[in-house]
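The values are calculated or read from the model by the stated rules, or taken from the named source; none is laboratory data. Here the structure is a predicted model, which is why all the values come from computation and not from measurement. Backbone-built Cβ (ideal geometry, glycine too); neighbour counts: all protein chains shown. Side chains included, ligands, DNA and RNA excluded: accessible areas come from the protein's heavy atoms. Shrake-Rupley method; radii C 1.70, N 1.55, O 1.52, S 1.80 Å.
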Amino acid sequence: MRWSSLFIPTLRDAPAEAEAVSHQLLVRGGFMRQLQSGHYSMLPLGWRVHQKVAEVIRQEMDAIGAQEFHLPAMHPASLWQASGRWDSIGEEMFRLTDRKGVDLALGMTHEEVFTSLSLELSSYRDLPQIWYQIQWKFRDEPRPKSGLLRVREFAMKDSYSFDLDDAGLDRSFDLHHDAYLRTFRRLDLDAQPVEASSGAMGGSASIEFMVESDAGEDDVAICEGCGYAANVERATAVPAPVENRPGSDSPEAFPTPGVRTIAALAEAGHPPAHQIKTLVYRVDGVLTLILLRGDHPFLEQKFADATGAVDIVPAEADEIRAALDASPGSLGAVGVSDLEIYADEALRGRSGMTTGANEDDVHLTGVDVERDIAVDHWINVRGILDGEACASCGGTLRVARCIEAGHIFKLGRKYSEALGVTVLDAEGENRVPTMGSYGIGVGRAMAAVAETHHDENGLVWPMVIAPYEVVLTVVKVDHEESMAVAEKLYDDLRDAGVDVLLDDRDGRAGVKFADAELVGIPLRVTIGPRGIENGKLELTIRSNGEQVDVPADEVAGQLVELVTAGRAAGR
RNA sequence: CGGGAUGUGGCGCAGUCAGGCAGCGCACCUGCUUUGGGAGCAGGGGGUCGGCGGUUCAAAUCCGCCCAUCCCGACCA
C-alpha cells in the first residue's frame with residue numbers, strides 16, 4: 001500500500017484521557033479511536049494488527065485439532081435461563097427485547113450456545129471435540145479502562161472441549177495449555193501460567209496466562225525460588241512467625257473510648273498482628289462472622305471459592321447492631337454462638353489477642369482464639385503480602401501487577417448437565433460429557449504487546465503482527481531515480497508476499513521517519529539520492545535502531561529473509 | 001455504586017478565581033522559500049465554549065440540574 005492514500009491519522013500528542021502507554025500509542029499511531037467509553041473503532045492499521053493476532057491464535061488452535069465455528073452474538077433468554085445464568089449473572093450482561101417482546105441477550109461468553117450444539121453428539125465415538133470461534137463479546141463492565149485492556153465490546157477466541165471423562169478433559173486442558181504457551185511465545189508476550197480462581201463459572205483447574213505490566217489489573221504472587229505462581233485471589237503463603245503475647249485464663253475487657261479502627265487500637269498498644277479483625281457479611285442472605293488477623297486483608301474471592309457462596313456482601317450497620325449489639329469497630333466473636341463463624345487459618349494457635357467486646361468502646365484482650373471463640377470453619381481467606389514466604393519452598397514471594405492475557409479452566413458437567421447433553425458409552429450407557437472452557441482476548445493481547453513493546457519513539461511490533469513488515473521511506477518523492485528504485489523494490493517485495501508500505505508522501509524526511517517509528521514497522525528502507533549515488537540503500541531495524549547500508553540489488557533478498565525469520569519467531 | 005478530577009476547533013492547552021469582541025501551539029488549505037530526523041515566512045478555513053435552565057444590560061466565566069470522559073476503589077466467564 002501507498003502511505004499517501006492510506007488513512008493513518010497519527011497524532012503528536014495523545015488524548016488527555018489516555019493513561020496506559022498502549023492506549024496512548026495505539027491512538028497516536030492511528031490504530032484506533034474511541035467511540036465511547038469501552039468501545040473502540042479499529043482503523044485500518046489497528047484492524048490489520050488485530051487480524052494478525054487472531055490469525056496466530058487460529059493457527060495454534062487448528063494445530064491442536066480445534067475446529068472453528070462462528071456463533072451468533074445475540075442469544076435468546078431461554079437458553080440462558082436453561083443454564084440458570086439469566087438470573088445469576090446480573091448487570092454485566094447486556095439485555096434487550098425484540099419487537100415481539102422476547103427477551104434477548106448479547107453474548108458475553110458462549111458456553112450455552114456451544115453446549116446446545118453439543119446436543120447433536122450422540123456417541124462416545126464422537127468425542128473428544130474441541131470447538132472454538134473468534135467472536136465479539138459484550139459485557140456491561142462497570143468501569144472500562146486503559147484503552148483496549150478493559151472494554152465492553154471485544155473479540156475473543158473462546159474454545160470449549162467435550163470429553164467423556166476426566167482423563168479426556170485433562171488431555172484437552174493440557175493441549176490448550178501448550179497451545180496458549182505457543183501462541184503467546186509467537187506474539188512475543190512473556191505470559192506466565194499461574195494458578196487462578198475459576199470465578200463464578202465454577203470448575204476445578206483454572207490457569208491464567210499473565211503478562212507482567214503496570215497497566216494490568218491482577219496481582220500475582222510469584223516465587224523466584226521454585227516457580228510457584230498464583231493469582232493473589234488464590235495464592236497461599238506462610239506469614240512471618242508471630243510470638244503470642246502472654247495469655248490469661250480468660251479474656252479481659254478494657255475500655256477503649258473512641259477506638260474504631262485497627263490503627264487506633266494499635267496506637268493503644270495492640271499491634272495489628274495481635275488483633276482479631278471481625279467482619280460481618282451477609283453470605284447468601286445469612287449473617288456470618290469472618291475473622292482475620294488485624295493486618296491481613298480479606299479476599300472475597302477466596303471466601304467464595306472455599307465456601308461455594310455466591311452472594312457475599314458486607315452487612316449493613318443496622319443489621320450488625322441488631323445481631324451483635326455493637327457497631328463496627330467494637331465487634332468480636334467471643335461468646336457468639338448464634339452466627340456462623342469463619343476464621344482464617346493464620347489465627348490458628350493464636351492467643352493473647354485483642355478484639356472487640358461487642359459493646360461500644362470496649363475491647364477484650366488475652367483472647368485465645370481456639371479456647372474462646374466457637375469457630376465453625378477454618379479457611380484460608382486472607383490476601384497475602386509482598387515478601388511473605390512461599391508455602392512450597394520457603395523462598396520469598398513477590399507480588400506483581402499483571403495483564404490477564406488468557407484463561408483456561410475445567411468446567412466439568414455444569415452446562416452439559418443443565419442442557420441435558422448425553423452420549424452413549426461403549427457399554428451403551430448414557431454419559432454426560434465433561435467440558436473445558438478456554439479464552440484469549442484478541443484486543444487485549446494486542447494491547448499487552450503494545451504495552452510491552454515500545455520505546456520513546458513509539459511502538460515496536462513483533463514481525464508476526466506488525467501492520468506492515470517493511471516500510472520504504474522515499475526521502476525525496478520528486479527525485480525520479482529514488483521513486484524508480486522504490487517502485488521496483490515495492491513490486492519485488494509484494495511479489496515475494498511481504499506486507500510492504502511505500503511512503504510516497506510528499507513530506508519532509510523527518511516527519512516520515514518519525515511516523516514510521518511511531519507506527520512501529522519492524523524494517524525500514526530509506527531511499528534517497530545520497531544512497532542511490534553509491535548504489536546503496538539504508539536498512540534500519542526498528543527494534544534495536546541498527547542501520548546498515550545494503551547494495552541496492554541485495555535489499556529485496558535480505559528483507560525477505562528478515563521477514564521470513566521474523567514471522568517464524570517463537571515457533 | 002462510593003471517592004476524586006475534567007469537559008473551550010481534529011489533538012494538546014490558556015482564558016473561569018475577579019462576567020465585557022473566543023485565544024495559543026500542533027494539524028489543515030493557498031503561495032513562496034526550504035528539503036536525509038517532526039522547516040521558515042505570508043495569507044486563510046474551521047469552535048452550539050458538553051447539554052438544559054436560571055441570574056444579569058451582558059455568561060466560556062456566576063447559580064441549579066443533567067450528560068459525558070478519565071483516575072482510585074467496589075465489581076469483573
Checklist line | Counted residues, the range A:273-328 - those being closer than 24 Å to A:Ser197 by Cα and hydroxyl-bearing (Ser, Thr, Tyr) | finding: 3
Check: If you scan the range A:516-571, which residues turn out to be closer than 26 Å to A:Leu26 by Cα, within 11 Å of RNA strand B (Cβ to nearest atom) and part of a helix (DSSP H, G or I)?
Finding: A:Ala516, A:Glu517, A:Leu518, A:Val519
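I'd like the residue in the range A:202-240 that is in a strand (DSSP E or B), of a type in the set (Val, Ile, Thr) and under 19 Å from A:His296 (Cβ atoms) and, out of all such residues, is modelled with the highest pLDDT. Walk me through how you get there before you give the answer.
First, the residues of the range A:202-240 that are in a strand (DSSP E or B): A:206-212, A:218-223, A:229-231, A:237-238.
Imposing the further condition that a residue be of a type in the set (Val, Ile, Thr) reduces the set to A:207, A:211, A:220, A:222, A:238.
When the remaining residues are screened for being under 19 Å from A:His296 (Cβ atoms), the result is A:220, A:238.
On the way: A:Val220: 92, A:Val238: 89.
The residue in question is A:Val220.
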Next item on the list: Look through A:Arg542, A:Arg571, A:Arg567 and report the one residue that is loosely packed, with under 15 Cβ neighbours inside 10 Å, in contact (Cβ under 8 Å) with a residue 12 or more places away in the chain, in contact with a helix residue (DSSP H, G or I) (Cβ under 8 Å, 6 or more places away or on another chain) and closer than 30 Å to A:Arg182 by Cβ.
Entry: A:Arg571
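Given A:Thr278, A:Thr307, which one is farther than 26 Å from A:Gly395 by Cβ and either in contact with a Leu (Cβ under 7 Å, 6 or more places away or on another chain) or small (Gly, Ala, Ser) (or both)?
Values: A:Thr307 fails: either in contact with a Leu (Cβ under 7 Å, 6 or more places away or on another chain) or small (Gly, Ala, Ser) (or both).
Answer to the selection: A:Thr278.
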Next item on the list: Answer yes if at least one residue in the range A:469-477 is away from RNA strand B (no atom under 16 Å from the Cβ) and farther than 23 Å from A:Leu181 by Cα, and no otherwise.
Entry: yes
Note to self: Which residue is modelled with the lowest pLDDT, if the candidates are limited to the range A:280-314 and must be within 14 Å of RNA strand B (Cβ to nearest atom), assigned to a loop (DSSP other than H, G, I, E, B) and of a type in the set (Asp, Glu)?
What the structure shows: A:Asp311
Checklist line | Residues located in the range A:234-253, provided they are in contact with a strand residue (DSSP E or B) (Cβ under 6 Å, 6 or more places away or on another chain) and either exposed (fewer than 11 other Cβ atoms within 10 Å of the Cβ) or not β-branched (Val, Ile, Thr) (or both) | finding: A:Arg234, A:Ala235, A:Ala237, A:Gly247, A:Ser248, A:Pro251, A:Glu252, A:Ala253
Check: Which fully enclosed helices (runs of 4 or more DSSP H) of the range A:1-90 have 1 or more residues being touching a His at 6+ places or on another chain (Cβ under 9 Å) and open to solvent by 30 Å² or more (accessible area, probe 1.4 Å)?
Finding: A:21-28
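Residue-by-condition table, conditions (1) under 25 Å from A:Val399 (Cα atoms); (2) hydrophobic (A, V, I, L, M, F, W, C); (3) near RNA strand B (Cβ under 8 Å from one of its atoms):
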site: A:Gly147; (1), (2), (3): yes, no, yes
site: A:Ala155; (1), (2), (3): no, yes, no
site: A:Asp158; (1), (2), (3): no, no, yes
site: A:Ala167; (1), (2), (3): no, yes, no
site: A:Arg185; (1), (2), (3): yes, no, no
site: A:Val194; (1), (2), (3): yes, yes, no
site: A:Ile207; (1), (2), (3): yes, yes, no
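Condition test on A:Val310, is it surrounded by fewer than 20 Cβ atoms within 10 Å (Cβ to Cβ) and outside the structural domain of A:Asp166 (by TED's automatic domain parsing)?
Working: surrounded by fewer than 20 Cβ atoms within 10 Å (Cβ to Cβ): yes; outside the structural domain of A:Asp166 (by TED's automatic domain parsing): yes.
Answer is yes for this residue.
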Notebook entry, point to check: Does A:Asp549 meet the test of being surrounded by fewer than 21 Cβ atoms within 10 Å (Cβ to Cβ), closer than 24 Å to A:Thr183 by Cα and modelled with pLDDT of 95 or more?
Noted result: no
Note to self: Can you pull out every residue in the range A:379-388 that is buried (at least 16 other Cβ atoms within 10 Å of the Cβ) and not β-branched (Val, Ile, Thr)?
What the structure shows: A:Asn380, A:Arg382, A:Gly383, A:Leu385, A:Glu388
Margin query: For the range A:279-307, give me each residue that is surrounded by fewer than 17 Cβ atoms within 10 Å (Cβ to Cβ) and touching a Lys or Arg at 6+ places or on another chain (Cβ under 9 Å).
Written below: A:Pro297
Checklist line | Hey, A:Gly428 surrounded by fewer than 22 Cβ atoms within 10 Å (Cβ to Cβ) and touching a Gly at 6+ places or on another chain (Cβ under 9 Å) or not | finding: no
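Return a yes/no flag: does the range A:487-502 have any residue that is of a type in the set (Gly, Ala, Ser), touching a His at 6+ places or on another chain (Cβ under 8 Å) and within 22 Å of A:Ser5 (Cβ to Cβ).
Of the residues in the range A:487-502, the ones of a type in the set (Gly, Ala, Ser) are A:496-497.
So of that shortlist, the ones also touching a His at 6+ places or on another chain (Cβ under 8 Å) come out as none.
No, because not a single residue in the range A:487-502 is of a type in the set (Gly, Ala, Ser), touching a His at 6+ places or on another chain (Cβ under 8 Å) and within 22 Å of A:Ser5 (Cβ to Cβ).
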Next item on the list: Would you mind listing the strands (runs of 3 or more DSSP E) fully within the range A:324-432 where at least 3 residues are closer than 26 Å to A:Glu300 by Cβ and in contact with a helix residue (DSSP H, G or I) (Cβ under 9 Å, 6 or more places away or on another chain)?
Entry: A:353-359, A:377-379, A:397-412
Check: When only residues in the range A:10-40 that are over 24 Å from the mean Cα position of the chain (by Cα) and near RNA strand B (Cβ under 7 Å from one of its atoms) count, which is farthest from A:Val151 (Cα to Cα)?
Finding: A:Arg12
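Before we move on, is A:Gly507 within 12 Å of RNA strand B (Cβ to nearest atom), outside any helix (DSSP H, G or I) and closer than 16 Å to A:Trp3 by Cα?
Numbers: within 12 Å of RNA strand B (Cβ to nearest atom): yes; outside any helix (DSSP H, G or I): yes; closer than 16 Å to A:Trp3 by Cα: yes.
Criteria met by A:Gly507.
With the requirement that a residue be touching a strand residue (DSSP E or B) at 6+ places or on another chain (Cβ under 8 Å), touching a residue at least 12 places away in the same chain (Cβ under 8 Å) and not in a loop (DSSP other than H, G, I, E, B), what does the range A:97-122 give you? Full working, then the answer.
So in the range A:97-122, the residues touching a strand residue (DSSP E or B) at 6+ places or on another chain (Cβ under 8 Å) come out as A:97-98, A:102-115, A:117-118, A:121-122.
Checking which are touching a residue at least 12 places away in the same chain (Cβ under 8 Å) leaves us with A:102-115, A:117-118, A:121-122.
If the condition is that a residue be touching a strand residue (DSSP E or B) at 6+ places or on another chain (Cβ under 8 Å), touching a residue at least 12 places away in the same chain (Cβ under 8 Å) and not in a loop (DSSP other than H, G, I, E, B), then A:Asp103, A:Leu104, A:Ala105, A:Leu106, A:Glu111, A:Glu112, A:Val113, A:Phe114, A:Thr115, A:Leu117, A:Ser118 are the ones that fit.
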